[in-house]
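Working notes for the structure below.
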There are 2 protein chains.
Amino acid sequence: MVNTHDHTEPPRKRKRVTIADIAQRAGVTSGAVSLAVNGKPGVSDATRARILDVARELRWRPSHAAQTLMGKNSEAVGLVLARPAEVIGEEIFFSKFIAGVQSTLSGRGYSLMLQMAEDATAECAIHQSWILDGRVDGVLVLDPRIDDPRVEALASLDHPTVVVGGETDHGSVRSVRVDNAGAMRLIMDHLHGLGHDRVAYITGDQAFRHISERMDAFAQFCVDQGVWGQTLAGNFDPARAREATARLAGAPHPPTAIVYDSEVMTIAGMSTLASLGLRVPGDVSVLSWEDSTTCQVLHPTITALSRDAVSLGRTAAAEILQLIAGKPVEQGTVESRVVHRESTSAPES
Amino acid sequence: MVNTHDHTEPPRKRKRVTIADIAQRAGVTSGAVSLAVNGKPGVSDATRARILDVARELRWRPSHAAQTLMGKNSEAVGLVLARPAEVIGEEIFFSKFIAGVQSTLSGRGYSLMLQMAEDATAECAIHQSWILDGRVDGVLVLDPRIDDPRVEALASLDHPTVVVGGETDHGSVRSVRVDNAGAMRLIMDHLHGLGHDRVAYITGDQAFRHISERMDAFAQFCVDQGVWGQTLAGNFDPARAREATARLAGAPHPPTAIVYDSEVMTIAGMSTLASLGLRVPGDVSVLSWEDSTTCQVLHPTITALSRDAVSLGRTAAAEILQLIAGKPVEQGTVESRVVHRESTSAPES
DNA sequence: CTGAAAGCGCTTACAG
DNA sequence: CTGAAAGCGCTTACAG
């Protein structure tokens with residue numbers, strides 16, 4: 001018996017539906033289909049309706065690759081994280097920021113391209129290849145360092161770029177202004193207002209521009225207001241925050257308040273104080289430069305600077321979207337405020 | 001005076017360097033260039049060397065769009081998060097998982113496409129468009145729900161898919177096995193071993209498969225070992241965890257140990273206990289199903305199930321990469337262990 | 001309003 | 001080993 005199936009096509013991947021298929025079925029040319037599906041003038045309403053019907057029926061979807069080849073936007077924004085996986089996994093800031101970026105992007109149908117890099121050089125290389133490949137329409141740069149090479153490199157590519165936490169407006173580069181100095185003044189006003197005049201500040205990595213801005217503002221405030229201010233340079237490492245805290249607590253004349261640069265550092269510091277038998281806020285007030293659920297539920301609850309990383313992300317996303325669309329950028333400002341909770345009070349002595 | 005600049009070209013975007021440019025400059029055809037730069041046979045070593053030199057000199061980079069149009073892989077993996085931005089910003093699991101995925105992906109030059117979605121239906125739509133657009137080579141699905149529609153939908157697309165936290169191997173769909181039942185047994189062994197026989201479990205959202213697996217294992221253990229076990233269904237909301245904790249604490253015969261399904265819930269519960277004047281672990285032991293720096297630095301430090309979300313992410317990424325490469329998938333298992341800290345001890349009574 | 005054609009930047013048979 | 005050509009799926013002038 002002859003196998004009549006010998007001549008059937010091999011079961012190759014079901015072929016993609018193209019505008020040519022639609023054109024054939026609708027009895028027009030592929031050019032007409034292109035105009036119709038893109039809502040451009042050049043086809044009659046009747047023809048357009050017929051073409052759209054066929055497209056729907058065939059479940060056609062435009063080929064993203066072909067469209068990009070013709071110069072269409074990729075509808076994606078790039079973000080490279082140049083920090084170790086462990087830090088990104090711990091610091092609540094990153095997930096909040098990304099969540100904020102996402103919520104704005106998703107609303108407009110944009111995706112986020114995310115990658116991690118060893119250092120700023122690798123980060124640049126990734127941004128560059130994404131941009132040259134047309135895989136992203138713009139990129140977001142986080143936490144510029146002092147004399148950051150990335151800003152320069154990206155400016156020379158002349159593509160939409162938004163820097164978060166630096167004041168670099170430069171060619172096609174815009175930035176989300178984060179008023180670190182102002183936020184530090186809010187913090188110091190809060191503590192000074194409560195009556196503290198011996199304040200310590202345990203910092204993150206001062207190679208970052210935002211950290212150095214905070215340090216400057218701290219020093220400035222102390223000088224202006226006659227507050228005894230002690231800065232202990234850290235690097236976001238909780239172990240180091242613990243040491244610094246212990247050193248301060250053991251000093252002959254310890255501070256009455258301590259400010260920490262991150263949530264993780266704050267928690268580490270508080271537990272150190274507790275283990276040394278010091279009461280918060282009775283013996284020393286504590287303030288965190290990052291708010292979180294943990295700050296709200298810990299005992300005592302922690303007074304924190306709420307700069308709202310989620311809306312920082314939203315703002316950055318909104319700016320890059322405007323830049324991509326070629327609209328004038330409404331430079332967003334992210335508000336910070338001090339949320340007063342149990343961990344700060346007037347000094348007892 | 002005649003403006004000699006009238007005839008200069010407008011300063012349009014500097015044109016892309018293509019293989020045609022290389023071909024012309026090297027005196028060959030573009031076909032030859034393609035073979036040369038892709039390391040394929042068909043050109044002599046001398047020609048190849050010359051072509052590569054020119055390509056380097058012209059700083060040529062292949063057009064990603066043109067390559068995908070010809071069927072090349074996109075070198076990106078997709079992940080859609082179907083949870084509210086607030087939850088993603090708070091739960092440490094997500095950032096750890098993403099960090100883990102990234103660290104494996106980046107090592108192989110892959111990027112992550114990330115997007116947030118309202119619900120599972122929207123998530124499916126995004127995955128589908130990414131896959132059909134050829135923007136991703138495979139997708140990762142997190143936390144399958146009971147009777148999850150996503151798995152079925154993705155299986156029908158016949159593209160590499162890895163489900164994290166479900167046991168669904170099905171067509172082109174693989175899964176990272178997370179032994180929730182076994183982990184719950186570890187937890188209960190720990191508590192039972194300390195002498196607890198009245199244990200409460202405050203859960204996350206039981207619509208998730210992984211939560212329901214944990215609940216089943218909890219009930220099973222209690223029945224088998226004669227432990228009085230009380231499950232209070234929650235939904236990851238710290239406020240709800242707080243209520244549940246207060247209710248338990250106020251019961252006529254309260255539990256001697258409480259297990260929480262997430263870090264945020266645990267912290268909320270601990271602070272509730274503290275505000276009710278109950279000591280941890282003196283009056284009640286506390287155990288968290290998610291480990292973090294916070295668990296390590298809180299006072300008391302929190303006994304936690306360390307399932308290592310970072311390596312879960314790494315494993316998932318490794319599997320999807322194998323699936324994409326068409327290699328047999330070595331199904332990874334993520335180990336869990338109970339890290340014993342201060343918040344659990346033998347019951348005092 | 002509609003059709004026929006060129007082109008985006010690459011890859012891949014097919015001849016020489 | 002090398003050249004000339006077709007094709008991937010779209011968009012966009014350019015004629016009718």
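Results for (1) at pLDDT 85 or above; (2) touching a strand residue (DSSP E or B) at 6+ places or on another chain (Cβ under 6 Å); (3) of a type in the set (Val, Ile, Thr), shown as yes or no for each residue.
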| position | (1), (2), (3) |
| --- | --- |
| B:Ile267 | yes, no, yes |
| B:Ser311 | yes, no, no |
| B:Thr315 | yes, yes, yes |
| B:Ile320 | yes, yes, yes |
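Selection of the range A:44-77 for residues being within 11 Å of DNA strand D (Cβ to nearest atom), outside any loop (DSSP other than H, G, I, E, B) and of a type in the set (A, V, I, L, M) yields A:Ala55, A:Ala65, A:Ala66, A:Leu69. Filtering B:Leu112, B:Leu154, B:Leu140, B:Leu186 for residues that are more than 27 Å from B:Asn235 (Cβ to Cβ) and either within 14 Å of chain A (Cβ to nearest Cβ) or outside any strand (DSSP E or B) (or both) leaves a single hit, B:Leu112. The residues of the range B:68-108 that are among the charged types (D, E, K, R), farther than 21 Å from B:Ser306 by Cβ and at the interface with another protein chain (Cβ under 8 Å from one of its Cβ atoms) amount to a single one, B:Glu86.
State the number of residues belonging to the range B:243-261 that are assigned to a loop (DSSP other than H, G, I, E, B) and buried (at least 16 other Cβ atoms within 10 Å of the Cβ). Adding up the residues that qualify gives 4. Filtered by the rule that a residue be among the aliphatic types (A, V, I, L, M) and modelled with pLDDT of 85 or more, the range A:322-335 gives A:Leu323, A:Ile324, A:Ala325.
Scoring B:Pro254 on the criteria (1) within 11 Å of chain A (Cβ to nearest Cβ); (2) in contact with a helix residue (DSSP H, G or I) (Cβ under 8 Å, 6 or more places away or on another chain) leaves a single failure, condition (1).
Report the residue count in the range A:262-308 for those that are more than 10 Å from chain B (Cβ to nearest Cβ), among the small types (Gly, Ala, Ser) and buried (at least 22 other Cβ atoms within 10 Å of the Cβ). Matching residues across the range A:262-308 total 4. Of the residues B:Pro347, B:Pro328, the single one that is more than 25 Å from B:Asp143 (Cβ to Cβ), surrounded by fewer than 18 Cβ atoms within 10 Å (Cβ to Cβ) and away from chain A (no Cβ under 14 Å) is B:Pro328. Please verify whether the range A:160-180 includes one or more residues that are of a type in the set (S, T, N, Q) and within 14 Å of chain B (Cβ to nearest Cβ). Yes, there is a match, as at least one residue in the range A:160-180 is of a type in the set (S, T, N, Q) and within 14 Å of chain B (Cβ to nearest Cβ). Scan the range A:84-131 for residues that are surrounded by 21 or more Cβ atoms within 10 Å (Cβ to Cβ) and of a type outside the set (A, V, I, L, M, F, W, C) and the total you get is 14. Inside the range A:291-349, residues that are part of a helix (DSSP H, G or I), among the aliphatic types (A, V, I, L, M) and within 26 Å of A:Met265 (Cβ to Cβ) make up a count of 5. One residue stands out among those in the range A:21-39 that are assigned to a helix (DSSP H, G or I) and more than 10 Å from DNA strand C (Cβ to nearest atom): the one that is surrounded by the fewest Cβ atoms within 10 Å (Cβ to Cβ), which is A:Gln24. Scanning the range B:40-57 for residues that are modelled with pLDDT of 90 or more and within 12 Å of DNA strand C (Cβ to nearest atom) yields B:Ile51, B:Ala55.
The values are calculated or read from the model by the stated rules, or taken from the named source; none is laboratory data. Please read all numbers here as calculations on a predicted model, not as lab measurements. Note that we place each Cβ from the backbone using ideal geometry, even for glycine, and neighbour counts take in every protein chain shown.
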